[in-house]
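Notes follow the structure.
The values are calculated or read from the model by the stated rules, or taken from the named source; none is laboratory data. These figures come from a predicted structure and were not determined experimentally. Heads up, the Cβs are rebuilt from the backbone with ideal geometry, glycines too, and the neighbour counts pull from every protein chain shown. What goes into the accessible areas is simple: the full protein's heavy atoms, side chains included, and nothing from ligands, DNA or RNA. Shrake-Rupley method; radii C 1.70, N 1.55, O 1.52, S 1.80 Å.
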Amino acid sequence: KAVVSTQSTGEGENNVGVKEEEVEKVNKEAEEEREEGTVHTNTNILVDKMKFKKYNGYKEDPYLFLESDAQAFTPIKEWYNITDDFPFGNIFVRSSENTKQRNLSVACRRIRDIIQQNENRIKVINCGLKLFSYSKPAFSKCPYRLLQSGIHYSSRYLGSKLFSVSRDDMAKVLSAGGVPKATLEADLAEKLKDLPTMIVVFHLAAEGLRPEFWVCVYATENNVKSYVTEDEKNHFRLMLGLEPLLTEREKKKLDAMEKYREKKRIEAEMGKDGEEMKESEEAKEDGAAETTEEGDHTERTD
């Protein structure tokens, strides 16, 4: 519908094509539709109501808190000798399917209550502290391994898998590669000798200004090495007063710089050889021209 004007056409009011009552009715309907948003306010052209799909945001995975006697905790308790006061009731996963429960995280009791009592009222993006992560059977017989991100929390509940070490032994496991168990101190090497392939925890006590810290260590049949990221390893090395190691990205950067320098050196040598060849050719041409001039001079003399 369009707004109809009541302006006279000059032929008299009786000759207007639409009666005045109908004009008022059409204008009133158009005004109502304009207020409803179905008529463009500038052009008075009717448009269809646009249907917008309501956006509810990204659907987050649920927070599912496990029972204290859940089956997933049985191998973890036995493998890591976890004490009975561990808060298994505060452990949660993000999927109800067993095959997708890759991480076991912990939250405090109050956070657990808030999430459980407001499951449909609030949306939690992220919370908790990751303690365990799923591992393949080739890595360890236990389906879950300890994570460095939560080792400062989980270490207080570990039994025989927590080892207090000296500064020298900690420095050895934080080296670039693994070290043999035999290179560690005698008492520590004896404790690690019969352990299966697994993640253990090395603890270094505080000394002076250096705080205590824990490191996840991957112990195989004969060797041990730190199981942390490169940045974490360099951080711990700096805490021990050692030089940081080159990370993989730094090695790639140095290799690229070395290749660039080599390329420039080759280009410079090729350019130098080209200039020498050019100078040699010019010298030959000059010598040939002088020989020709001498021959012409000899002929004229004869």
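Filter Lys130/Lys172; Lys59/Lys136; Lys233/Lys263; Lys141/Lys161 down to the pairs with a C-alpha to C-alpha distance above 24 Å, please.
Lys130/Lys172; Lys59/Lys136; Lys233/Lys263
For Glu32 and Arg156, FRET efficiency with R0 = 51 Å and r from the beta-carbon atoms, rounded to 0.05?
Approximately 0.10, to the nearest 0.05.
Where does the charge balance sit around Lys193 when Lys and Arg score +1, Asp and Glu -1, over other residues with C-beta under 14 Å from its C-beta?
Net of charged neighbours comes to -3.
What's the FRET efficiency of Lys259 with Arg210 using the Cβ-Cβ distance as r and R₀ = 41 Å, to the nearest 0.05?
Computed FRET efficiency for Lys259 and Arg210: 0.55.
Just to verify a number: what accessible area does Asp231 come out at with the full protein assembly present, 1.4 Å probe, Å² rounded to tens?
Its accessible surface works out to 90 Å², give or take rounding.
Please give, to one decimal in nm, the separation of the simple spin-label points placed at His235 and Ile122, each 7 Å out from Cα toward the Cβ.
2.7 nm
Please report, in debye to the nearest 20, how large the charge dipole of region 60-188 is about its Cα centre when each Lys and Arg carries +1 at its beta carbon and each Asp and Glu carries -1 there.
340 debye
Run the numbers for Met270 and Ile111: contour at 0.36 nm per residue of separation, minus the present Cα-Cα distance, in nm.
50.3 nm
At 7 Å along Cα-to-Cβ for each site, give me the label-to-label distance between Glu221 and Glu248 in nm.
Roughly 2.7 nm, to one decimal.
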